[in-house]
Amino acid sequence: MTQLHDRPVATDAGDVSDHDLVVARTVHPWRWIIAVATLVLLAQFVHGLVTNAGWDWGTFAQYFTARSVVTALWLTIQLTFWGTLIGFALGIALAAARLSQNPVLQIISWFYIWAFRSIPLIVQLLFWFNIAYLYQRLSLGIPFGPSFVEFDVNSVISGSFAAIIGLALHQAAYSAEIVRAGIISVDQGQLEAAAALGIPKLREFFAIVLPQAMRGILPNAANEVISLFKGTSIVSVMAIAELFYQVQVIYGRTGRVVPMLMVATVWYVILTSVLSVVQFYVERHYSKGALRTVPLTPIQKLRSRIAALPLSPRGATR
């Protein structure tokens with residue numbers, strides 16, 4: 001049996017320099033187990049993509065950059081752009097009306113948001129697509145009086161224009177709530193301090209409210225843009241030749257369903273990734289002032305890791 005006086009005596013901690021201290025590594029077995037299981041599943045999926053003839057990569061390559069597909073993709077981008085631009089412009093106006101002290105504007109804004117969030121998007125799109133059934137001609141003039149200008153609805157509101165109207169009006173209802181939520185998230189104490197300092201309202205909004213509100217608005221707004229981009233596929237019910245409709249036309253003619261769906265999927269993934277990159281840099285810009293250190297970009301992270309390698313030349317920038 002070991003006696004107490006036989007045990008080794010610990011050296012004084014003050015005799016060991018910090019450089020000689022050894023930090024015990026923490027073992028994370030579950031990280032390795034999950035990583036290995038994920039890699040195995042990923043390898044099986046990739047093996048299936050390569051060996052399963054049903055994917056028909058030859059047809060995929062044939063139509064991926066076909067003129068009809070690229071033209072339909074451009075129309076999808078246009079629908080997303082105009083739907084986002086008009087939707088957020090109208091949404092900002094609705095949010096301002098909801099936050100105003102005017103009860104009439106508050107009720108109008110609330111009713112609009114309630115109505116357009118309650119009606120499914122596909123119903124709104126079909127309504128605008130068939131607007132000529134209700135109103136063959138529209139006019140501008142005195143209400144219940146003479147009109148100054150008249151025009152035929154079918155000649156003005158085409159299928160694509162009806163789709164833009166439907167997407168923009170639907171998007172405006174959600175954008176209004178996103179903008180309103182971002183503005184009311186700003187601490188009221190800051191507004192009171194700005195008022196106490198005599199800062200004008202316009203300067204208060206652009207210098208104090210907007211930079212902080214954008215941090216709350218941007219993530220949700222980016223999600224809405226991405227959702228709208230993918231949601232443009234729903235206008236295929238109106239026989240508008242956007243990306244998903246064009247893919248359906250091709251696989252209806254050739255019978256190659258899976259490869260054509262992959263064509264649409266890959267294009268959606270590519271453009272969604274581009275939007276995500278734009279979202280990262282815009283959020284990074286507005287994070288200045290809120291974070292002590294601005295997040296590194298992927299390129300900066302890569303340079304930092306390369307500089308940290310033992311083989312890096314002395315004096316390399318980290």
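The values are calculated or read from the model by the stated rules, or taken from the named source; none is laboratory data. These numbers were taken from a predicted model, which means no experiment stands behind them. Here the Cβ positions follow ideal geometry from the backbone for every residue, glycine too, while neighbour counts run over all protein chains shown. We work out accessible area using only protein heavy atoms, side chains counted, and drop any ligands, DNA or RNA first. Shrake-Rupley method; radii C 1.70, N 1.55, O 1.52, S 1.80 Å.
Counting only helices (runs of 4 or more DSSP H) that sit wholly inside the stretch 128-198, those with at least 1 residues that are among the charged types (D, E, K, R), within 22 Å of F116 (Cα to Cα) and open to solvent by 30 Å² or more (accessible area, probe 1.4 Å) are 159-184. The C-beta contact set for the stretch 201-226 (first residue within 16 Å of H285 (Cα to Cα), second residue charged (D, E, K, R), distance under 6 angstrom, 6+ apart or interchain) comprises L218/E283. Would you confirm, using the coordinates I've provided, whether L121 is free of Cβ contacts under 8 Å to residues at least 24 places away in the same chain and not basic (K, R)? The answer is no for L121. Restricting attention to the stretch 215-255, the residues that are closer than 25 Å to F88 by Cβ and not β-branched (V, I, T) add up to 20.
Going by the structure shown, is L90 within 27 Å of V237 (Cβ to Cβ) and either assigned to a helix (DSSP H, G or I) or touching a Phe, Trp or Tyr at 6+ places or on another chain (Cβ under 8 Å) (or both)? Taking the combined requirement at face value, the residue satisfies it.
Conditions (1) modelled with pLDDT under 85; (2) part of a helix (DSSP H, G or I), marked per residue:
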position: I240; (1), (2): no, no
position: P259; (1), (2): no, yes
position: V263; (1), (2): no, yes
position: R305; (1), (2): yes, yes
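Taken as a whole, the structure places Q101 among residues that are assigned to a loop (DSSP other than H, G, I, E, B), open to solvent by 60 Å² or more (accessible area, probe 1.4 Å) and either at pLDDT 95 or above or not aromatic (F, W, Y) (or both). Of the residues making up the stretch 200-215, at least one is assigned to a helix (DSSP H, G or I), of a type in the set (D, E) and open to solvent by less than 20 Å² (accessible area, probe 1.4 Å).
Here is a yes/no grid of residues against (1) part of a helix (DSSP H, G or I); (2) under 30 Å from E242 (Cβ atoms); (3) among the polar types (S, T, N, Q):
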{"site": "V27", "(1), (2), (3)": "no, no, no"}
{"site": "W30", "(1), (2), (3)": "yes, no, no"}
{"site": "T38", "(1), (2), (3)": "yes, no, yes"}
{"site": "L42", "(1), (2), (3)": "yes, no, no"}
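The residues listed here are A194, A172, A132, A162; of these, the one that is farther than 30 Å from F280 by Cβ, at pLDDT 85 or above, of a type in the set (A, V, I, L, M) and touching a helix residue (DSSP H, G or I) at 6+ places or on another chain (Cβ under 6 Å) is A162.
Would you mind stating whether G189 is more than 27 Å from the chain's Cα centre (by Cα) and at pLDDT 80 or above? Here the answer is yes, as G189 does meet what is asked.
Filtering the stretch 30-64 to residues that are of a type in the set (S, T, N, Q), open to solvent by 50 Å² or more (accessible area, probe 1.4 Å) and under 30 Å from G252 (Cα atoms) leaves T51, N52, Q62. Return the only residue of V277, V235, V225, V294 being of a type in the set (A, V, I, L, M), exposed (fewer than 14 other Cβ atoms within 10 Å of the Cβ) and within 20 Å of T80 (Cα to Cα). The match here is V277.
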